[in-house]
Amino acid sequence: MDIGKAFGFVFEDEDWIVKLLIAAAILAVGILFSWLLLIPLIVAVALLGGYGVEITRRVIRGLAPALPEWDDWGALIVDGFKVWVIGIVYALPVIIVSVCLSIPVGILSEDAPELGSLLSILMGCFNFLWAIVLSLLMPAAIAFFAAEDDLGAAFRFGDVFALVRDNLTTYLVTFVMSWVASFVGGLGSLVCGVGWFFTAPYGAFVTSHLYGQAYLEAKGQAAAAVDAGEVLDEVFD
């Protein structure tokens, strides 16, 4: 994996300032108007999520520039919501365990505090461990979805698990570098909080690029072969 490429690809696009400004504006508007039943914030997050999927898709297909245009907002929103669906499905074990144990823990905390505390600790440990598993699986699941333009591809659990299992080092690196990207994305909050609107999208873009790279490496492709039809589509779109 080319870690430097993931952190630097944004600046290779001649229009990177405009594209990053648009992302920052979307995030700012979503937060400023989130009091409207959270709808603006939900749409903003979906837009940015869909944009990230498109970055992953372009990396996998070898399309340039890797930073997409902000043109088909409807498709970006749909892709963003699909990413949420993927996340919810993969988080179901945690959701189910938490729901099933929360009531017994609440009851036992009064009648048998020690047992209630033990169950609470076990639930916390499970949630922590699954969060790590989720951090390894989600990049592969999203990449499957992006590569095949098919939401169902993300739920071929056998393929996703096998890809991560057989390329564990690659996905551990992706996990660590994604955390670094998130850390960098949070640094903008030090600049009167305003800088975060720019660094947060940047960190997300880096993470999306890493997802695409990890998928290519896991699939044994040094570089994606670009289909001529896809190139023509990009030229005429």
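The values are calculated or read from the model by the stated rules, or taken from the named source; none is laboratory data. Note that the structure is predicted; figures quoted are calculated from it, not measured. For neighbour counting, all protein chains shown are included, and Cβ atoms are generated from backbone atoms with ideal geometry for every residue, glycine included. Just the protein is used for accessible areas: all its heavy atoms, side chains included, with ligands, DNA and RNA removed. Shrake-Rupley method; radii C 1.70, N 1.55, O 1.52, S 1.80 Å.
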Segment 1-75: relative contact order from alpha carbon pairs under 8 Å, six or more residues apart, as a whole percent, is 30 percent
Using a Förster distance of 41 Å, how high is the FRET efficiency between Trp35 and Ser117, based on the Cβ-Cβ distance and rounded to 0.05?
-> 0.60
For Leu76, what is the net charge nearby, where nearby means another residue's Cβ is under 11 Å from its Cβ and Lys, Arg count +1, Asp, Glu -1?
-> -4
Taking a label point 7 Å from the Cα of Val18 along the Cα→Cβ vector, which residues of segment 53-79 have an amide N closer than 15 Å to it?
-> 65, 67-72
Over the Cα atoms of the chain, what is the Rg over Rh ratio if Rh follows Kirkwood?
-> 1.02
Charge dipole of segment 3-138 built from unit charges on the beta carbon (Lys, Arg +1; Asp, Glu -1), centred at mean Cα; most positive-end Cα among Cys125, Leu41, Leu137 is Leu137
Roughly what angle does helix 113-148 make with the longest principal axis of the chain, taking Cα atoms, 0 to 90 degrees, to the nearest 10?
-> 20 degrees
Using a 1.4 Å probe over the heavy atoms of the protein chains, calculate the carbon and sulfur portion of the accessible area of the chain as a whole percent.
-> 72 percent
For the chain, with only Lys/Arg (+1) and Asp/Glu (-1) charged at the beta-carbon, what is the dipole magnitude about the Cα centre, in debye rounded to 20?
-> 580 debye
Nearest 10 degrees, 0 to 90: what angle lies between the long axis of helix 16-32 and the longest principal axis of the chain (Cα atoms)?
-> 40 degrees
Using Cα pairs closer than 8 Å and at least 6 residues apart in sequence, work out the relative contact order for the chain, in percent.
-> 26 percent
Cα lying deepest toward the dipole's positive end in the chain, options Ser178, Ala153, His209, charges on Cβ = Ser178
In nm, to one decimal, how far is the modelled label at Arg165 from the one at Ser182, with both set 7 Å along Cα→Cβ?
-> 2.6 nm
Using alpha carbons only, how many degrees (0 to 90, rounded to 10) separate the axis of helix 73-90 from the longest principal axis of the chain?
-> 30 degrees
With a Förster radius of 45 Å, plug the Cβ-Cβ distance of Leu101 and Leu172 into 1/(1 + (r/R0)^6) and report the FRET value to the nearest 0.05.
-> 0.95
